[in-house]
1. Can you tell me which residues in region 109-130 are farther than 30 Å from residue 57 by Cα and crowded, with 19+ Cβ neighbours inside 10 Å?
2. With the requirement that a residue be crowded, with 22+ Cβ neighbours inside 10 Å, touching a residue at least 40 places away in the same chain (Cβ under 8 Å) and under 22 Å from the mean Cα position of the chain (by Cα), what does region 161-178 give you?
3. Can you name every residue in region 68-108 that is outside any helix (DSSP H, G or I), in contact with a helix residue (DSSP H, G or I) (Cβ under 8 Å, 6 or more places away or on another chain) and surrounded by fewer than 19 Cβ atoms within 10 Å (Cβ to Cβ)?
4. Check whether at least one residue in region 131-147 is under 30 Å from residue 67 (Cβ atoms) and either crowded, with 16+ Cβ neighbours inside 10 Å or without any contact (Cβ under 8 Å) to a residue 60 or more places away in the chain (or both), and report yes or no.
């Protein structure tokens with residue numbers, strides 16, 4: 001009997017313990033805000049240079065030619081922006097890293113983009129020459145060729161932005177020369193075919209008349 005009473009009391013104790021509300025947790029004190037770092041001046045020059053290089057890269061669509069370096073530059077630039085004004089030493093270090101990475105993108109990507117621009121113009125120029133555009137539209141072809149030569153000179157001088165712009169102009173000019181020469185060629189071919197068809201028709205008519213005359217004379 002005594003064992004039963006002990007077991008009942010133990011069960012009640014467990015039940016009461018499980019129903020009891022958990023003790024209140026003490027409130028955590030607010031973390032003090034990180035003080036503004038005033039020992040290092042704002043890296044204004046670095047921020048301005050990083051923004052300028054970033055704009056140059058983005059405006060010329062260079063990221064695709066050096067994607068890993070561009071991603072690193074963007075990461076560093078964002079870190080620099082986030083720390084700017086609160087941790088100027090960190091901001092300066094991040095912006096310096098961004099500047100280095102953006103310059104790497106520019107040095108790698110510009111020559112590659114210029115080469116691609118030139119290759120595009122070379123293709124269209126070859127197409128134009130294959131249908132004798134240099135003969136059919138001599139003056140227009142010469143203008144396109146002059147622009148192309150300017151672009152090549154800019155490329156060789158290392159003025160990549162100017163070279164890209166000039167290659168784009170040359171591409172447009174060669175494309176116009178090609179399209180107009182093609183139209184002239186197709187019109188001339190249609191005219192020749194029409195003339196040939198007319199001659200053939202006249203010959204057939206003459207032949208039919210001869211046969212009719214020969215048939216009537218019999």
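Rule-based calculations on the coordinates, nothing more; no lab input. From a predicted model like this one, the values you see are computed outputs, not experimental measurements. Every residue, glycine as well, gets a Cβ built from its backbone with ideal geometry; the counts of neighbours run over all protein chains shown.
1. Of the residues in region 109-130, the ones farther than 30 Å from residue 57 by Cα are 126-130.
Within region 109-130, just 128 meets the criteria.
2. The answer is 163, 167, 170, 171.
3. Our first condition is that a residue be outside any helix (DSSP H, G or I); within region 68-108, this holds for 84-87.
Narrowing the set further to residues that are in contact with a helix residue (DSSP H, G or I) (Cβ under 8 Å, 6 or more places away or on another chain) leaves 84-85.
Matches in region 68-108: 85 only.
4. We begin by selecting, within region 131-147, every residue under 30 Å from residue 67 (Cβ atoms); these are none.
Checking region 131-147: not a single residue is under 30 Å from residue 67 (Cβ atoms) and either crowded, with 16+ Cβ neighbours inside 10 Å or without any contact (Cβ under 8 Å) to a residue 60 or more places away in the chain (or both).
So that you can scan it fast, the table gives a plain yes or no per residue for (1) touching a residue at least 24 places away in the same chain (Cβ under 8 Å); (2) under 28 Å from residue 114 (Cα atoms):
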site: 49; (1), (2): yes, yes
site: 61; (1), (2): yes, yes
site: 65; (1), (2): yes, yes
site: 82; (1), (2): no, no
site: 87; (1), (2): yes, no
